[in-house]
Amino acid sequence: MDAIRSRIAEAIMPMRVVNTHEHAWQSFTTAWAVPFDLPSFFCLGYVAADLSSAGLQRPPDLFDYLVNPACTGGPEQAWETVRPFAEMVRNTTYFRYLLAGMQELFGVSEADIFSDRWQTASAKIRQFSIDTAGCGADLCRRMNVTITIIDSKLAPKDLARTANSEHRILHVARVDDFIIEARGLASTLEQYPARSLDEWLSAFDQRFQEYLNAGVAGFKSGLAYNRPIEYGDPAEGRVATIFRKGILTASPSEKAMFQDFMMNRLCRKCIAAEVPLQIHTGIQAGNWSTLEDARPTALTSLFQRHRDLRVDLFHGGYPWIVQAGIMAKYFPNVHINGCWLNSISACAYKEAFRSWIQTVPLSKIFAWGGDSFPLLEHSYASLLGAKRILADLLAELVHEDYFDFDLAIELARRVLHDNPAAFWRLKSSS
Ligand SMILES: [Zn+2]
C-alpha cells in the first residue's frame, strides 16, 4: 500500500492544474500591497469563521498597524487577541489545511506559532508578503496552475485591473445584483431606473453583454447565500405586474417569484451565449448562514428546465456530497466541482471523491479551486492538501482493486486539469 501511495503521489504532485474557482485577484497585481503577518494570515482566511465560532470578537481596528506603523497594539496585541481562539480551532480543516503551505512558503511550523518563536515566525510571514506582493503569477507557476478562473466581483469596466500578469486568467461575472436585495438590487435599480419589466430586462441584458464584451468566460450565481436555490418558472406577465408595482415593496413571495424569473433569464442568457454557469451549493463561508438554503438537489427543476445550460456545481454541495454527485450523474450538462471542499473538511473531500469516482463519468469531475480571498497563499496551501488527499484515495482504490494504477493516474490528470480545461474550452497547451 505504501509503495502504491508513493508512486501515485509522485505522479500527482507535479501535475498541471486548472484553478477552477478563485477570488484572490489582487495577488496578481501590485494594486493591493497590504502586508500580512501571522495573526492576519489566519484572520484573512476561512478560519476566521471558526475563530468567531469559538468566540473571538475581533476589534475592527486590530490590524490597522499592518498599513499604519504609528498604530498602537501591533502584532503583539493582535496575536494576544487571536491566539486563545486559534488554539481552539487547531482541529478544524479550515485551520489545518493552512499548515503545510505555511511550512513550505514561509518555513513556519504549527509548533512555532504556538511557542515563544511566534514573533520570528510572524516576521518571516510579513517579509514574504512584502517581497512577493503582486507576484501571483510566480506562485501559480510554483503550483503548476496553468489557468485560473477568477470571480473578482468587479464591474465590467474594472476587469482589466487583474490583467497586469502573465498568468492566464479567465473571468466569471455575477449579476446577482439584478436579482436580489441582499446582493445590491436596490442600488442597481437606482443605477438603471426601469418603469417596466421590459426596461429592467434590457438593462440586465445590457450588463450581461458588457461582461461578455469585457471578455468573461462564464457567470456565477451566489444566491445560495441569500435564499433557497429552488427556482420556479413564473409567467412573465405575472412578474411584470409585480415589478411595475415596485419590486422593493413587493411581498416576500412576489419577490421570490421575481428572483425565480431572473434566474431562469440568466440561465437562458448563458445558453444563448454558450458560456457556463457556476453555482454555489452547500456550506456557505462565514457564520450565520442558512445551510438548508443551499441544498444541491433543490436545483433539480432548474436543471430539468435548462438542459443545455453548462453547469459547474460548486463545493461538492457539502454536506450533500453524495446527492451533488448524483446531480452530475443524472444531468449530462452538470459537472461536479470539489473546489474549496478540501479546505472545509479533508475527510469530506476524500469521501466525496470516493463517491463521485464510483458514480459520475470521469470526464465530469473537477478536483480543485482555491477559492481564496484575498491571499493566494491560502490557495497554495489548499492545493497541496487536495493533491495529498487525492493521492491517498487513489492509492486506496488501487489497493482495493477497484481500478488499476494507470486508470488512477489518468483520472487524477483529468480531474485536476484536463476536464476543467475542456469545460472552459481552453487550447490543449494550457
Ligand atoms: Zn468562492
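Read-outs throughout are calculated quantities, based only on the coordinates presented, and are distinct from any laboratory measurement. Being a predicted model, the structure only gives us computed values, none of them experimental. Please note: Cβ atoms are built from the backbone with ideal geometry, for glycine as well, and neighbour counts cover all protein chains shown.
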Neighbour net charge for LEU393 - beta-carbon separation under 12 angstrom, K R +1, D E -1: +1
Nitroxide proxy distance, nm - points 7 Å out along Cα→Cβ at ALA422 and GLN57: 5.4
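Estimate the FRET efficiency between GLU76 and TYR330 by the formula 1/(1 + (r/R0)^6), using the beta-carbon distance for r and 41 Å for R0, to the nearest 0.05.
Working: r = 55 Å, r/R0 = 1.34.
The value I calculate is 0.15.
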Projected label distance in nm at HIS399 and ARG117, using a 7 Å step from Cα toward the beta-carbon: 3.1
Estimated [θ] at 222 nm from DSSP helical runs (n ≥ 4, -39500 (n - 2.57)) normalised by residues in the chain, nearest 500: -14500 deg cm²/dmol
ARG307 paired with GLN323, simple spin-label distance in nm, labels 7 Å along Cα-to-beta-carbon: 2.5
Distance between segment 236-288 and segment 14-28 - C-alpha centres, whole angstrom: 29
For peptides 335-343, 47-55, sequence by mean Cβ density within 10 Å, most packed first: 335-343, 47-55
Relative contact order (percent, whole number), segment 36-131, Cα cutoff 8 Å, 6+ residue spacing: 38
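Using 0.36 nm per residue, how much length does the chain from GLU87 to CYS347 gain when fully extended, once their Cα-Cα distance is taken away? Could you put the intermediate results ahead of the total?
Working: separation 260, 0.36 × 260 = 93.60 nm, distance 2.11 nm.
So the chain would gain 91.5 nm between GLU87 and CYS347.
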Prolate/oblate/rounded label for segment 40-155 (Cα gyration tensor, a/c 1.5): rounded
Gained length - ALA33 relative to ALA250, 0.36 nm times residue gap less alpha-carbon distance: 73.8 nm
Residues listed by number, segment 256-274, amide nitrogen under 12 Å from SER196 label point at 7 Å toward C-beta: none
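Quote to one decimal, in nm, the extra length available between MET1 and ARG142 on full extension: 0.36 nm per residue of separation minus the C-alpha distance between them.
Length gained, MET1 through ARG142: 47.9 nm.
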Rule-of-thumb Rg ratio for segment 227-358 [Cα; 2.2 N^0.38 Å; N residues]: 1.15
Anisotropy class of the chain from Cα gyration tensor, a/c 1.5 cut: oblate
